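What follows is a single structure, written as structure tokens, with notes after it.
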Amino acid sequence: MNFINGAQLLEYCEKNHKTISEAMFERETVDLEHDAEKTRERMKKAWSIMKSSANKPLKEEIVSMGGMIGGESRKLHALRESGKNLCGDVVSRAIAYAVGVLEVNASMGLIVAAPTAGSSGVIPGVFCALQEKYECTDEEICQVLFNAAAIGYLITRNATTAGAEGGCQAEVGSASAMAASAVVELMGGTPAQCMDAASFALVNILGLVCDPIGGLVENPCQNRNAMGASNALISAELALAGIKSITPIDETIGVMYAVGKSLPSELRETSLGGMAVAKSACEACAACAKGRRNK
């Protein structure tokens, strides 16, 4: 089923009683003629890397390239284990794992850029947390990751996931939408509810700018991955409760793209605006400080 938009995907799923993950797997293996077993193995490998990157900061001391982040995941896990966390168990775990992946990314470690390196903590954060809470198997998670891939495909085909083109809403927002849709399927929701969740996730982060301090994927990127993970869970819960999105996913994606193109260049990954030019932020960045000394 070689769908090109959400409407086509939803129609196919409902007509043929398929989940979104099943439709996406068919697209990859039937329409694109990729070997089914190799396709599943590639997803298993991606999930293995995601889990490893989420857990690595708990086992190793990690130093980021810019020196702005490191140790945040451990602190969040420790807060939860002490019982002093404010968020519920799943959200607290999700944000702790999400920021950990950004630590690994910022230290040039191995991550899965799903959909980008700057948003790589959202999906692992969410699904590592759900696996621990609900004892989901790796096979169950790998299956719904095809759902996440379908949403990512819709966004990249009809808009963008690049911060340089659409701001952070296109990066963390897209990752959050991908995770939200996949969570709904994992928890037994319908394809329509999956798309509602994805739409909610994009709307909630609409207009978010991309302003990496020092041009590095460290800050404020790390905190935004935590926000993206929690947003995915919130969006999934709204959809699972039966709340419907006013705008279908295709319209929401179109709005996100239009908003992204309307952002000034200073707020699209150039590090010329937003938090990237705040005095204290620049002083905290070792790379920025080095650049000033060399002038």
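Packing, taken as the mean count of other beta carbons within 10 Å per residue, orders the peptides 122-131, 226-235, 212-221 from highest to lowest as 122-131, 226-235, 212-221. Each of L10, L86 has its accessible area taken with a 1.4 Å probe; listed largest first, they run L86, L10. Sorted largest first by accessible area at a 1.4 angstrom probe radius, with every protein chain in place, the residues M178, M1 fall in the order M1, M178.
Under a model in which nothing but the beta-carbon of Lys, Arg (+1) and Asp, Glu (-1) is charged, the stretch 139-295 shows a dipole of about 780 debye around its Cα centre. Once the C-beta distance of D89 and T247 is scaled by a Förster radius of 30 Å, the resulting FRET efficiency is 0.40 to the nearest 0.05. The separation of the stretch 25-64 from the stretch 265-285, counted between C-alpha centres, amounts to 32 Å. Heavy-atom accessible surface of D89, to the nearest 10 Å², is about 60 Å², with a 1.4 Å probe and all protein chains retained. Using a simple spin-label model with pseudo-atoms 7 Å out from Cα toward Cβ, R42 and M275 lie 3.3 nm apart.
The gain in end-to-end length when the N158 to E33 segment is fully stretched comes to 42.7 nm, 0.36 nm per residue minus the alpha carbon separation. A Förster radius of 45 Å, combined with the Cβ-Cβ distance separating S265 from L58, puts the computed FRET efficiency at roughly 0.70.
The charge dipole of the stretch 44-170, taken about its Cα centre with unit charges on the Cβ of Lys, Arg, Asp and Glu (plus for the first two, minus for the last two), comes to roughly 80 debye. Counting only Cβ charges, +1 for Lys and Arg and -1 for Asp and Glu, the dipole size of the chain around its Cα centre is about 1120 debye. Normalising by residue count, the stretch 185-283 has a Cα convex hull of 96 Å³ per residue. Full extension of the chain between L79 and L206 yields a length gain of 42.7 nm, computed as 0.36 nm times the residue separation minus the alpha carbon distance. Take the Cα of E140, go 7 Å toward its beta carbon, and the backbone nitrogen atoms of the stretch 94-119 under 19 Å from that spot belong to 94.
For the chain, the per residue solvent-accessible surface stands at 44 Å², with DNA, RNA and ligands left out and a 1.4 Å probe. Rounded to 0.05, the FRET efficiency of the M65 and A258 pair, given R0 = 45 Å and the Cβ-Cβ distance, is 0.85.
The values are calculated or read from the model by the stated rules, or taken from the named source; none is laboratory data. As the structure is a computational prediction, the values presented were derived from the model and not from experiment. Note that each Cβ is placed from the backbone with ideal geometry, even for glycine, and that neighbours are counted across all protein chains shown. SASA here: full protein model, heavy atoms, side chains in, ligands and nucleic acids out. Shrake-Rupley method; radii C 1.70, N 1.55, O 1.52, S 1.80 Å.
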